[in-house]
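Comments concern the structure below.
The values are calculated or read from the model by the stated rules, or taken from the named source; none is laboratory data. From a predicted model like this one, the values you see are computed outputs, not experimental measurements. A quick note on method: Cβ atoms are made from the backbone with ideal geometry, for glycine too, and the neighbour counts reach across all protein chains shown.
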C-alpha cells in the first residue's frame with residue numbers, strides 16, 4: 001500500500017470511529033474477536049481543547065470556546081502503537097479507537113477491520129446524515145417577493 005493511501009485510509013478510519021457511538025464501537029469490536037495483548041501508553045484521559053473559528057469562514061481566526069476530549073495511546077505486543085482522540089468523556093471509546101488504530105498497522109488486519117467494522121459504521125453514519133438532511137429539507141421555507149399589479 002502506498003504511504004498516501006495508508007494515510008488517507010487511516011484518516012478516514014479514525015474519522016468514522018470518532019463520529020460513532022461508544023456502544024456501537026464496543027459491539028463491533030467484540031464481533032471481530034481481536035484481543036491483542038496491549039499496554040496503555042497514555043490515558044485514557046480527559047482534557048480540554050480550544051476551538052477556533054473565523055467570522056464568515058474567512059476572517060481572522062479567534063478562540064471561541066473549549067471542548068472536552070478524551071485521548072488514549074496503546075502499544076501492542078508486536079510494537080504497533082495506536083492513538084485516538086474523541087470528543088466527550090467516554091474513555092472506552094478512546095481506548096477502543098486506539099486499539100483499532102494499532103491493529104490496523106498490519107494490512108491484513110486493516111482490511112478485516114475496514115470491512116467488518118468501519119464499512120458498517122460508515123453506512124450507519126451516512127444513513128443518519130441523510131435522515132437529518134430530509135428532516136431539515138421538510139422544514140425549509142421558500143421566501144419570495146410578490147409583485148403587486150400596480151406600476
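For this structure, a couple of remarks:
- Only one entry of 41, 17, 48 meets the criterion of being closer than 17 Å to residue 115 by Cα and either part of a helix (DSSP H, G or I) or touching a strand residue (DSSP E or B) at 6+ places or on another chain (Cβ under 8 Å) (or both), and that entry is 17.
- Residue match in region 4-19 (condition: more than 23 Å from residue 106 (Cβ to Cβ), free of Cβ contacts under 8 Å to residues at least 60 places away in the same chain and in contact with a helix residue (DSSP H, G or I) (Cβ under 8 Å, 6 or more places away or on another chain)): no
- Scanning region 56-77 for residues that are in contact (Cβ under 8 Å) with a residue 12 or more places away in the chain and assigned to a loop (DSSP other than H, G, I, E, B) returns a single hit, 77.
- The set of residues in region 101-113 being farther than 13 Å from residue 31 by Cα and surrounded by 16 or more Cβ atoms within 10 Å (Cβ to Cβ) consists of 101, 102, 103, 104, 105, 109, 110.
- Some residue of region 48-55 being touching a residue at least 40 places away in the same chain (Cβ under 8 Å) and either farther than 25 Å from residue 8 by Cβ or surrounded by 14 or more Cβ atoms within 10 Å (Cβ to Cβ) (or both): no
- When we screen 86, 97 for residues that are surrounded by 14 or more Cβ atoms within 10 Å (Cβ to Cβ), in a strand (DSSP E or B), at pLDDT 90 or above and touching a helix residue (DSSP H, G or I) at 6+ places or on another chain (Cβ under 7 Å), the only hit is 86.
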